[in-house]
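Taking it in order: structure first as structure tokens, then the write-up.
The values are calculated or read from the model by the stated rules, or taken from the named source; none is laboratory data. Computed from a predicted model, the values in this text were never measured in an experiment. Positions of Cβ are backbone-derived with ideal geometry, glycine not excepted, and every protein chain shown enters the neighbour counts. Protein only, heavy atoms only, side chains kept; ligands, DNA and RNA dropped before computing areas. Shrake-Rupley method; radii C 1.70, N 1.55, O 1.52, S 1.80 Å.
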Amino acid sequence: NRSKKKDDNILEIPSIPNPFPELCCSPFASVLSASLLPKATSRKKQVIKVYSEDDTSKALEVPSDITARDVCQLLILKNHYIDDHSWTLFEQLTHTGLGRAIEDHELVMDVQSNWVMEEENKLYFRKNYAKYEFFKNPLSFFPDHMISFPSETNTAVSHSGILQMFLSSSTYPEIHGYLHAKEQGKKSWKKLYFLLRRSGLYFSTKGTSKEPRHLQFFCEFSNSDMYMSLTGKKISGAPTNYGFCFKPNKSGGSRDLKQLCADDEQSRTCWMTAIRLLKYGMQLYQNYMQPYQGRSGCSPLNITPMRSISENSLVAMDFSGHRSRIIENPTEALSVAVEEGLAWRRRGCLRLNSHGSPIAVSNMGMSIHKSQSWFHHKISREEAQRLILQHGLVDGVFLVRDSQSNPKTFVLSLSHGLKIKHFQIVPV
């Protein structure tokens, strides 16, 4: 009946209110919580499939104008994850070996509308710790040798000032350096001197000259999306593993890609971060400052978990002392929740091993790591680097794996200074 109303925003009010709502089943016990969706209830809905790290998938029925941030929020609630604002929706183009993190404000249906039907493209739900890291630590993202400022800027610019210039409409710092570009219609690559300006990306036809007559337009970003190469040199034949490209919206295929390749990870990160800031500007800063607020109006104040009203009155408690107390600090409550989750995993590992039999106490020191999310068993060095890279090159992101060269040792792979380093751990 509601779908026939002229005003879709007006909900039908029951004639007799229910005096005991907590005794009834929640009307929002479907896949999605209605409070997480936009107010209009009769909008067109579609089903999307989202994959997890282990390639298992979930089907979600969502409105046609749902944002990537709102999809992440629904999956966080559905899987009972802790939201540390690093969960991200990834787009992976299987046929071309490309991938990108979808911005929080982007409409998921707009992303899928650019897919070619015969290609098996996927949406992944995973963490990306480097999504907004440049707002916290711009020093690592914009090295001095790759950035220059307008001539009217006489004084030295701090790194926080660099971000203000990126977000400003009147001034814009210039990013410059060498990149390998794939020639259109050919398999060969050519090393050229590139410059990023507000009007787009250019390359110089004469060395490092910045004169207008020597600059040739390469790409602008309003009608294209930027992707990172996930396969390195395999598909594109790039000279290095640090490739990225621009794919026009409604592209006909790989022939329309504008492919580039940097000499190192720091250079690629600088170019891609600067282009993100150029394309989205203040929208990125708003996503960073207000991570919960998307098109659907999701915020911590109006999110209603999928449970009964009586359960919503529960609070975090601390029973470690002689007297119990309510944990009012949200940060403390979050840390307690993480500690409880880890303690639960340890207890589970203490009780049973992988075959369901009790574990001897003497062997616990050698098996406790198997229950941790950071342990990845027998994966290769290249696979470890790929996993860390897709979660973001932020200082401290790490995993532990079995050593391939010495079966009795482990390897600690970690990110530091936009580089991935590997250290062998020898049990004693």
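Using the Cβ-Cβ distance between residue 322 and residue 168 with R0 set to 56 Å, the FRET efficiency from 1/(1 + (r/R0)^6) comes to roughly 0.50. Take residue 135: with every protein chain present and a 1.4 Å probe, its accessible area is about 30 Å². Rolling a 1.4 angstrom probe over the protein heavy atoms with all chains in place gives the range 369-419 an accessible area of 54 Å² per residue.
Averaging the sequence gap over all C-alpha pairs within less than 8 Å and six or more residues apart, then dividing by the number of residues, gives the range 45-127 a relative contact order of 36 percent. Qualifying trypsin sites (Lys or Arg not before Pro) in the range 182-240, where qualification requires a DSSP coil assignment and no more than 16 other C-beta atoms within 10 Å, comprise 186, 187, 198, 206, 210, 233, 234.
Given the pairs 206/250; 186/247; 206/234; 136/378; 233/378; 49/408, which are separated by over 29 angstrom at their Cα positions? Kindly include the intermediate steps, with their values, before the conclusion.
Details: 206/250 33 Å; 186/247 17 Å; 206/234 31 Å; 136/378 34 Å; 233/378 24 Å; 49/408 40 Å.
Correct reply: 206/250; 206/234; 136/378; 49/408.
First measure r as the distance between the Cβ atoms of residue 329 and residue 209, then evaluate 1/(1 + (r/R0)^6) with R0 = 56 Å and state the FRET efficiency to the nearest 0.05. It would help to have the intermediate numbers written out before the result.
Working: r = 57 Å, r/R0 = 1.02.
With a Förster radius of 56 Å, E is 0.45.
Annotation for residue 84 and residue 402: the two label points, set 7 Å from Cα along the Cα-Cβ direction, are 2.7 nm apart.
Here the extension length gained between residue 256 and residue 282 equals 6.5 nm, from 0.36 nm per residue of separation less the Cα-Cα distance.
Figure note: 119, 53, 265 ranked by solvent-accessible area, largest first, 1.4 Å probe, ligands and nucleic acids not counted: 53, 119, 265. Taking amide H as placed 1.01 Å from N in the peptide plane, residue 178 has its amide H under 5 Å from the amide H of 194, each at least 5 places away in sequence or on another chain. Over what distance in Å are the Cα centres of the range 172-219 and the range 396-428 separated? Centre-to-centre distance over Cα atoms comes out at 38 Å. The simple spin-label model puts a point 7 Å past each Cα toward its Cβ; for residue 426 and residue 234 those points are separated by 3.4 nm.
If the chain between residue 115 and residue 336 were fully stretched, how many nm would it gain, using 0.36 nm times the residue separation less the Cα-Cα distance? All intermediate terms of the calculation are to be shown ahead of the outcome.
Values: separation 221, 0.36 × 221 = 79.56 nm, distance 4.24 nm.
Gain on extension, residue 115 to residue 336, equals 75.3 nm.
List the trypsin sites (Lys or Arg not before Pro) within the range 41-132 that DSSP assigns to loop and that have no more than 16 neighbouring Cβ atoms inside 10 Å. Answer in residue order: 43, 44.
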